[in-house]
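*Asks:* Sharing a structure here in structure tokens format.
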Amino acid sequence: MQGRLHSFQSLGTVDGPGVRSVVFVQGCALRCPYCHNPDTWDKNAGTLVDAQDVFARICRYKSYFGRDGGITVSGGEPLLQPEFVTELFTLCKKDGISTALDTAGVRLDDKVKALLDVTDIVLLDIKYATDELYRKYIGVPLSTVLRFLDALEARKMRVIIRQVVTPGVNDTKADMLALKSITDRYTCIEKIELLPFLKLCAEKYESMGIKFPFGDKPAATAQQTQELAQYLR
């Protein structure tokens, strides 16, 4: 099975537990206004690769994974290439490598369910905690991602919730309490990670001739996200 890859990170520590190799797949149907990787959007770009070849590359770093690490497939959006990621994860699990899926959770069909069967951890982006903000900035209802989260709960999967904090958009106590009101309903959630909105990608948008939707928003700081995190406890 072949898939389209954007890039490969040999060893990372911010995309799931422990030390992990991170595979960034090509293609995304969403256009999140804070997206750092607009060059992953085009599903026909990237490099065409075999799942077996990606697995062989991951195996080079297996000794660094330790007890908690493994592989994370991110993007783009992995759920646009579920069969490819399923084959890759199947190879990894047979070799004792932990599998993590970094996704926006906007697709749930039989192919995605087969992928979840070989997924150990899901890093799920709940981009906003209200339907109004979801529809305004993401273009889909909040219920779409909650349906995906319901499926993870039914499977008793390990889930880490992630949300990017953008000043002036979702950076208040009320925003965090709204998020908490959602996550408190699920026992599968291990933790919630707040990620500060950054503008390091602005030059990438400019070079691609694309307007950066949140180019006028101030960057968030680590201190801001730490202060907001107290409302999620």
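The values are calculated or read from the model by the stated rules, or taken from the named source; none is laboratory data. Since this is a predicted model, take the numbers as computed values, not measurements. Backbone-built Cβ (ideal geometry, glycine too); neighbour counts: all protein chains shown. For the accessible areas, the whole protein counts, side chains as well, though only heavy atoms, and no ligand, DNA or RNA atoms are used. Shrake-Rupley method; radii C 1.70, N 1.55, O 1.52, S 1.80 Å.
Matching residues to (1) of a type in the set (A, V, I, L, M); (2) on the phi > 0 side of the Ramachandran plot; (3) in contact (Cβ under 8 Å) with a residue 24 or more places away in the chain:
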position: Met176; (1), (2), (3): yes, no, yes
position: Thr187; (1), (2), (3): no, no, yes
position: Glu190; (1), (2), (3): no, no, yes
position: Cys201; (1), (2), (3): no, no, yes
position: Tyr205; (1), (2), (3): no, no, yes
position: Gly209; (1), (2), (3): no, yes, no
position: Ala220; (1), (2), (3): yes, no, yes
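*Asks:* In addition: I'd like to verify a number: residues in region 96-123 that are assigned to a strand (DSSP E or B) and among the β-branched types (Val, Ile, Thr), how many?
*Replies:* 4
*Asks:* Can you name the residue in region 147-198 that is of a type outside the set (A, V, I, L, M, F, W, C) and within 15 Å of the chain's Cα centre (by Cα) and, of all such residues, is surrounded by the most Cβ atoms within 10 Å (Cβ to Cβ)?
*Replies:* Taking the candidates together, the pick is Gln163.
*Asks:* Could we say that Tyr134 is closer than 19 Å to Val165 by Cβ, surrounded by fewer than 22 Cβ atoms within 10 Å (Cβ to Cβ) and within 17 Å of the chain's Cα centre (by Cα) here?
*Replies:* Judged against the criteria, Tyr134 is a match.
*Asks:* Where in region 127-233 are there helices (runs of 4 or more DSSP H), lying fully within it, with 3 or more residues that are among the hydrophobic types (A, V, I, L, M, F, W, C)?
*Replies:* Fully inside region 127-233 and qualifying: 142-154, 173-183, 222-229.
*Asks:* Could I ask something else about it? Before we move on, is Thr119 under 22 Å from Glu190 (Cα atoms), modelled with pLDDT of 95 or more, touching a Lys or Arg at 6+ places or on another chain (Cβ under 8 Å) and of a type in the set (S, T, N, Q)?
*Replies:* No: the conditions fail for Thr119.
*Asks:* Considering only residues that are touching a residue at least 60 places away in the same chain (Cβ under 8 Å) and among the acidic types (Asp, Glu), which ones fall in region 17-51?
*Replies:* The one that is touching a residue at least 60 places away in the same chain (Cβ under 8 Å) and among the acidic types (Asp, Glu): Asp39.
*Asks:* Right, next: One residue is enough: does region 87-94 have a residue meeting the conditions aromatic (Phe, Trp, Tyr) and more than 30 Å from Leu11 (Cβ to Cβ)?
*Replies:* No; the residues of region 87-94 include none that is aromatic (Phe, Trp, Tyr) and more than 30 Å from Leu11 (Cβ to Cβ).
*Asks:* Here's another thing I want to ask about it. Could you please give the count of residues in region 26-51 that are more than 19 Å from Tyr137 (Cα to Cα), in contact with a strand residue (DSSP E or B) (Cβ under 6 Å, 6 or more places away or on another chain) and open to solvent by less than 40 Å² (accessible area, probe 1.4 Å)?
*Replies:* Residues in region 26-51 being more than 19 Å from Tyr137 (Cα to Cα), in contact with a strand residue (DSSP E or B) (Cβ under 6 Å, 6 or more places away or on another chain) and open to solvent by less than 40 Å² (accessible area, probe 1.4 Å): 2 in total.
*Asks:* Sort out which residues of region 64-103 are more than 17 Å from Ala114 (Cα to Cα) and either in contact with a Phe, Trp or Tyr (Cβ under 6 Å, 6 or more places away or on another chain) or of a type outside the set (Val, Ile, Thr) (or both), and write them in order of number.
*Replies:* Hits for region 64-103 are Tyr64, Phe65, Gly66, Arg67, Asp68, Gly69, Gly70, Ser74, Gly75, Gly76, Asp95, Gly96.
*Asks:* Can you name every residue in region 52-103 that is open to solvent by 40 Å² or more (accessible area, probe 1.4 Å) and hydroxyl-bearing (Ser, Thr, Tyr)?
*Replies:* Tyr61, Ser63, Tyr64, Thr90
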